[in-house]
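S.K.: Before anything else, here's the structure in question.
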Amino acid sequence: MRRAAITLALLLAAGPLSAQCYADYKAKQDGPLKLHYGVAEVRGECAPSPAAREIAGRISREGWELLNVLGVFGPEGLDERRESAGQFFLRY
């Protein structure tokens, strides 16, 4: 009984496990120079630095270099960014 209570307390202290996190970012390709603004789901820690590492790894597979993460936000910020991100909305 005590073990169950401790487990429950730890789960509650950790917060919601399914909290959705997204980041908007800018990236580039060279030769010829191409720039894009995108929005990506962040599966790890919802903070700018960890999001940058995660997104940089994903976009680099297609030759993109991350310039910066502009910010992290929840699902409530998706609609206002959808049009600006265009083809790079949740692509990576």
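S.K.: Amide H of Arg91: which non-local residues (sequence gap of 5 or more, or other chain) have their own amide H closer than 5 Å, using H built in the peptide plane?
M.R.: Distant-sequence amide H within range of Arg91: Val39.
S.K.: Separate question: So between Lys34 and Arg91, what do we pick up on full extension, going 0.36 nm a residue minus the alpha carbon distance?
M.R.: 18.9 nm
S.K.: Something else: Given the Cα-Cα distance of Leu67 and Ser49 and 0.36 nm per residue of separation, how much length would full extension add, in nm?
M.R.: Length gained between Leu67 and Ser49: 5.2 nm.
S.K.: If you add up the charges near Phe73, with Lys and Arg at +1 and Asp and Glu at -1, over every other residue whose beta carbon is less than 10 angstrom from its beta carbon, what do you get?
M.R.: -2
Every number here is computed from the coordinates shown, using simple stated rules; none is lab data. Quick caveat, the model's predicted, so the values are computed rather than measured. Here Cβ is always computed from backbone atoms with ideal geometry, including for glycine, and neighbour counts include all displayed protein chains.
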